[in-house]
Amino acid sequence: METKLRKSQMERVRYRCGYVNGIEVDPKGTRGGLCLAWRNEIGVTLQSYSKRHIDVMVDNDEVKGRWRFTGFYGSSYVQDRDISWADLRNLYIGEETP
C-alpha cells in the first residue's frame, strides 16, 4: 500500500490496526512510501525491497505451500513506464514460485 508517511509514522498506524509484523519503506519527499503488514499466523520472509516494491515469500497454513507476493508502486508518469516495466521484469528473473 502506498502510504506517503514516514516509516516511523506508518509503523504506529500498523500497530493501531492490530498488525504486529510489517515492512515499511520511507517515501521520497511526498511520493511513495510503502507498507506491507501481516498477522502472527502468517510467515513472511523478505526477499527484496526498494522505493518501488516489497517482495516477500509467504507461508500460511490455510493455503498449502509457499507463495510469492510482490507489492509494486509504478509511476503515474507516462515517461517512467519503461522503468516500471524493467523493474518488474528484473523481479521475475529466475523465479518459479507462484
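Kindly provide the set of residues from region 61-98 that are of a type in the set (S, T, N, Q), modelled with pLDDT under 90 and farther than 28 Å from Ile42 by Cβ, ordered by number.
Once the filter is applied, which keeps residues that are of a type in the set (S, T, N, Q), modelled with pLDDT under 90 and farther than 28 Å from Ile42 by Cβ, region 61-98 yields Ser75, Ser76.
For region 60-91, enumerate the residues that are among the hydrophobic types (A, V, I, L, M, F, W, C), over 19 Å from Gly32 (Cα atoms) and surrounded by fewer than 13 Cβ atoms within 10 Å (Cβ to Cβ).
Result: Val63, single match.
Applying the selection to region 73-96, what residues are touching a Leu at 6+ places or on another chain (Cβ under 9 Å) and touching a residue at least 40 places away in the same chain (Cβ under 8 Å)?
Tyr73
Residue check: is Gly22 surrounded by 14 or more Cβ atoms within 10 Å (Cβ to Cβ), within 16 Å of the chain's Cα centre (by Cα), part of a strand (DSSP E or B) and touching a residue at least 60 places away in the same chain (Cβ under 8 Å)?
no
How many residues are under 18 Å from Ile93 (Cα atoms) and part of a strand (DSSP E or B) when one looks only at region 41-55? Before you say what the answer is, go through the steps one by one.
At the first step, the residues of region 41-55 found to be under 18 Å from Ile93 (Cα atoms) are 46-50, 52-55.
Adding the requirement that they be part of a strand (DSSP E or B) leaves 46-49, 53-55.
Residues meeting the conditions: 7.
Which count do you get for residues in region 20-49 that are touching a helix residue (DSSP H, G or I) at 6+ places or on another chain (Cβ under 8 Å), modelled with pLDDT under 90 and closer than 18 Å to Ser84 by Cα?
Here the count works out to 2.
Could we say that Ser8 is in a strand (DSSP E or B), without any contact (Cβ under 8 Å) to a residue 60 or more places away in the chain and surrounded by fewer than 16 Cβ atoms within 10 Å (Cβ to Cβ) here?
no
Given the criteria surrounded by 10 or more Cβ atoms within 10 Å (Cβ to Cβ) and in contact (Cβ under 8 Å) with a residue 40 or more places away in the chain, does Tyr49 qualify?
On the way: surrounded by 10 or more Cβ atoms within 10 Å (Cβ to Cβ): yes; in contact (Cβ under 8 Å) with a residue 40 or more places away in the chain: no.
Taking the combined requirement at face value, the residue does not satisfy it.
Go through region 62-98 and report how many residues are in contact with a Phe, Trp or Tyr (Cβ under 8 Å, 6 or more places away or on another chain) and outside any helix (DSSP H, G or I).
2
Please go through region 46-94 and pick out each residue that is in contact with a Pro (Cβ under 8 Å, 6 or more places away or on another chain) and among the hydrophobic types (A, V, I, L, M, F, W, C).
Hit for region 46-94 is Trp67, nothing else.
The values are calculated or read from the model by the stated rules, or taken from the named source; none is laboratory data. Computed from a predicted model, the values in this text were never measured in an experiment. With ideal geometry, Cβ positions are generated from the backbone for all residues, glycine too; neighbour counts draw on all protein chains shown.
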